[in-house]
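The values are calculated or read from the model by the stated rules, or taken from the named source; none is laboratory data. This one's a predicted model, so the numbers in the text were calculated from it and none came from an experiment. Cβ: placed from backbone, ideal geometry, glycine included. Neighbour counts: every protein chain shown.
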């Protein structure tokens with residue numbers, strides 16, 4: 001059955017979830033079928049940055065905002081050269097965008113990149129299914145329109161934890177990104193699925209970045225004599241890339257280290273702490289996070305299904321943790337106390353919790369107190385999203401300068417107007 005939409009002929013499509021949910025809609029993008037882990041994103045704008053984010057490798061992205069594509073797609077907002085997401089789900093896709101920068105419509109863009117998508121479904125129902133059942137396997141198909149058949153095939157499909165998606169999205173050869181002005185520091189960035197917006201933001205604060213593949217040995221990185229090392233965001237389960245925590249472990253204490261998202265998880269694993277899979281993750285540009293060092297709240301952009309468990313870094317240091325001797329059940333305790341607690345880690349000494357998510361109390365940032373390293377779980381480059389956390393790139397520069405107060409920056413200092 002073909003459906004006529006906006007003057008174009010689009011095949012019927014079917015979305016099936018592991019829990020048995022099946023929704024009919026219209027094909028948007030490429031025809032065919034795709035399987036992956038389904039998540040939802042709550043951003044109201046920035047769909048191009050989202051679909052081009054390598055961190056979505058292996059995932060089917062459902063957008064909660066009702067219409068996608070009204071301002072089209074341009075060249076400058078791409079976060080990677082290729083699209084790595086498995087599929088695209090929205091309520092209504094715009095085929096006639098209106099924006100002076102637009103060069104192609106979103107549906108045509110997806111089709112040209114081979115991304116299978118579906119529109120015309122109740123994305124509220126999809127989101128509720130994910131919130132209640134957690135991130136789960138799913139499929140979109142224009143060829144198998146039998147709900148029982150597609151649900152069965154979804155349940156037989158691989159889990160995201162069975163594949164190393166970092167190896168798929170990382171660069172194959174090193175390359176250098178230079179600032180337009182004076183170079184203040186030189187950094188090696190380990191590409192686990194790095195968004196281009198992150199490298200550009202580092203360049204804006206005078207950092208020359210040499211981007212290297214995810215499996216570059218620590219000895220080779222150290223031999224490049226950088227001022228610091230950055231571990232990037234990326235897709236999938238951190239346990240599928242065990243070599244990266246080993247690289248982190250070999251560098252910690254020798255050079256300043258900074259990590260974002262998957263990089264934060266890699267630093268966590270390097271410290272011997274545990275990373276857990278969240279029920280449905282954080283995907284969107286409106287997550288409130290408190291900086292426990294300043295008491296200020298930042299609205300952040302996030303994209304991850306995994307995160308650190310702060311209590312597994314080690315026991316609390318009471319005199320640095322508001323007098324508490326045991327880890328509280330909820331990290332929101334620290335936001336109420338306005339205390340940045342410190343755990344004593346067996347490998348690296350004191351590690352401080354610096355940021356907490358105010359929605360669910362998950363840890364969002366850590367700082368090593370006995371060696372130069374810090375990381376956060378969210379995306380300070382804000383591609384897309386608010387700029388409240390952009391100061392983190394200046395923090396990295398200050399860390400390489402040897403400043404002890406590198407993280408205590410008021411969010412207003414890092415905002416761009």
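So which residues in region 139-162 are in contact with a strand residue (DSSP E or B) (Cβ under 9 Å, 6 or more places away or on another chain) and closer than 30 Å to residue 215 by Cβ? Result: 157, 158, 159, 160, 161.
Kindly establish whether residue 188 is surrounded by 21 or more Cβ atoms within 10 Å (Cβ to Cβ) and either in contact (Cβ under 8 Å) with a residue 40 or more places away in the chain or over 21 Å from the mean Cα position of the chain (by Cα) (or both).
Taking the combined requirement at face value, the residue satisfies it.
Residue 100 fulfils the conditions (1) touching a residue at least 12 places away in the same chain (Cβ under 8 Å); (2) surrounded by fewer than 17 Cβ atoms within 10 Å (Cβ to Cβ) except for a single criterion, (1).
Among the strands (runs of 3 or more DSSP E) contained in region 330-383, which hold 2 or more residues that are within 30 Å of residue 79 (Cα to Cα)? Outline the logic, then answer.
Numbers: elements: 342-345, 349-357, 363-368, 373-376.
Once the strands (runs of 3 or more DSSP E) in region 330-383 are filtered for at least 2 residues that are within 30 Å of residue 79 (Cα to Cα), what remains is 349-357, 363-368, 373-376.
Restricting the search to region 89-104, which residues are under 23 Å from residue 42 (Cβ atoms) and at pLDDT 95 or above? Once the filter is applied, which keeps residues that are under 23 Å from residue 42 (Cβ atoms) and at pLDDT 95 or above, region 89-104 yields 89, 90, 91, 92, 93, 94, 97. Filtering 174, 179 for residues that are in contact with a helix residue (DSSP H, G or I) (Cβ under 8 Å, 6 or more places away or on another chain), surrounded by 14 or more Cβ atoms within 10 Å (Cβ to Cβ) and not assigned by TED's automatic domain parsing to the domain that holds residue 83 leaves a single hit, 179. The set of residues from region 191-210 being over 17 Å from residue 261 (Cα atoms) and buried (at least 21 other Cβ atoms within 10 Å of the Cβ) comprises 207, 209.
Condition first: assigned to a helix (DSSP H, G or I), within 30 Å of residue 164 (Cα to Cα) and touching a residue at least 60 places away in the same chain (Cβ under 8 Å). Now tell me which residues in region 191-208 satisfy that.
If the condition is that a residue be assigned to a helix (DSSP H, G or I), within 30 Å of residue 164 (Cα to Cα) and touching a residue at least 60 places away in the same chain (Cβ under 8 Å), then 196, 197, 198, 200, 201, 202 are the ones that fit.
Among 49, 37, which is the only one that is touching a strand residue (DSSP E or B) at 6+ places or on another chain (Cβ under 8 Å), assigned by TED's automatic domain parsing to the domain that holds residue 114 and at pLDDT 95 or above?
It is 37.
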